[in-house]
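*Asks:* Sending over a structure as structure tokens; questions will come in a sec.
Laboratory data are not the source of any read-out in this text; all were calculated from the coordinates shown. Quick caveat, the model's predicted, so the values are computed rather than measured. No Cβ is skipped: glycine too gets one built from the backbone with ideal geometry, and neighbour counts run over all protein chains shown.
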């Protein structure tokens, strides 16, 4: 009898390990393919995986996953309710646009329920980041003449870099600070760090550098304004950027985008919401111009539209036809400024839900960043760092809704939330919610 129990236990352990390894591979594939394959294909694969998990789990959903999904579900419902009268095809496009990011968060959460190991998650991130960074750098190694071109041309041919590279740099630094050995192979960690740094430098991306700055401030506790040295550091950073703008030659500040310094100096001006008249000014300050047109669309509505927006499927009229992404169009569905997108589609309520959602995630991460457990402490800090980056980048590259290199970061954010929820869960209980509500309670 005892021998039978031993064999059963071994079988269970083998099955558990195999299931965990398979899940690790799936998470690795999602983080990689989301930066290579079209988002449409990735979203279909994520939906297929989630439905398989949902069916195999007996149509049960973790309470933590339920709480994670509800605010965004309300957000989407508001967008759908306000879409009456809009073209159905455009409504569906907006549902996909928002839903893909929500699905990525959920898939990351679900995958981590089976992995439950922060080191495994970190190794997945580092391997994925090393592959993507090497792929980015290799384009310039193959064709060194790219470096003689303008910044825009280099980014167009070689790529714009990856947020995953930034996250890998931060994780390596944070793990070293917390004395966590991600892997026994230190050379792999060092090589990954170098690859990611070179990729970041060659990306010439202001957004990636700002993201690195924000994450670094969080990881090294420099956002704690109770300390005088931290206040002085933040003031110094603000003064530095102010001087950068004022000391930049006029040829770099106006109309020129040939150098990284010029692009950096113009970062603030590009986002100013203004009705630019000249074609030259419109092209140079496109983000600000399209945001102005979005604001006009929002203000053209009535009281109901102010509150819940004009709904999914609403298009922003630019006032003229222009080639965007190789397609000539006048009415656009999406914006660089994610907050303006939210305002037009879901109104003031949508803005409040979006900000409140990430505020709660920041509080959740901050609460667990106080833990004496170094793994939970680090996971909490990363949740805070990623959430802050999303809120900031929503202003310039649509943040949470960005379908480019940001999708893997959203998957990882979901994984970090699930990790804390399964290790220490005063905020997110592990008891599942029966979707059939057999108990009569939620």
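*Asks:* Could you list 189, 194 in order of exposure, starting from the residue whose Cβ has the fewest other Cβ atoms within 10 Å?
*Replies:* 194, 189
*Asks:* For the range 75-211, what is the per residue volume of the convex hull drawn over the alpha-carbon atoms, in cubic angstrom?
*Replies:* Values: hull volume 22.6 nm³, N = 137.
Cα convex hull per residue, to the nearest whole number: 165 Å³.
*Asks:* Taking Cα centroids, how far is the range 77-122 from the range 140-180 in Å?
*Replies:* 27
*Asks:* Now for a different question. Note down the nm distance, to one decimal, between modelled labels 7 Å out along Cα→Cβ at residue 93 and at residue 276.
*Replies:* Label-label distance for residue 93 and residue 276, simple model: 2.3 nm.
*Asks:* Given a Förster distance of 51 angstrom, what is the FRET efficiency for residue 19 paired with residue 191, based on the Cβ-Cβ distance and rounded to 0.05?
*Replies:* That gives a FRET efficiency of 0.95.
*Asks:* If you don't mind, there's one more thing I want to ask. Roughly how many nanometres apart are two label points built 7 Å out from the Cα toward the Cβ at residue 183 and residue 143?
*Replies:* My value for the distance between the label points is 3.1 nm.
*Asks:* Hey, with R₀ at 60 Å, roughly what FRET efficiency would residue 59 and residue 348 work out to, going by the Cβ-Cβ distance, to 0.05?
*Replies:* 0.95
*Asks:* To continue, here is another question. For 210, 102, 384, 92, which order do you get if you count the other beta carbons within 10 Å of each Cβ and list the fewest first?
*Replies:* By the 10 Å Cβ count, ascending: 92, 210, 102, 384.
*Asks:* Relative contact order for the range 116-220 using alpha-carbon pairs under 8 Å, separation at least 6, rounded to a whole percent? Working shown, then result.
*Replies:* Values: 100 pairs, mean separation 40.1, N = 105.
Across the range 116-220, relative contact order equals 38 percent.
*Asks:* Binning at 5 angstrom from zero up to the longest distance, how are the C-alpha pair distances of the range 282-434 distributed in percent?
*Replies:* Result returned by the calculation: 2, 9, 15, 17, 15, 13, 11, 8, 6, 4, 1, 0.
*Asks:* Given labels modelled 7 Å from the Cα in the Cβ direction, how far is it in nm from residue 151 to residue 134?
*Replies:* Calculated label separation equals 3.0 nm.
*Asks:* Additional query: Give me 52, 132 sorted ascending by neighbouring Cβ count inside 10 Å, so fewest comes first.
*Replies:* Ranking 52, 132 by Cβ neighbours within 10 Å, fewest first, gives 52, 132.
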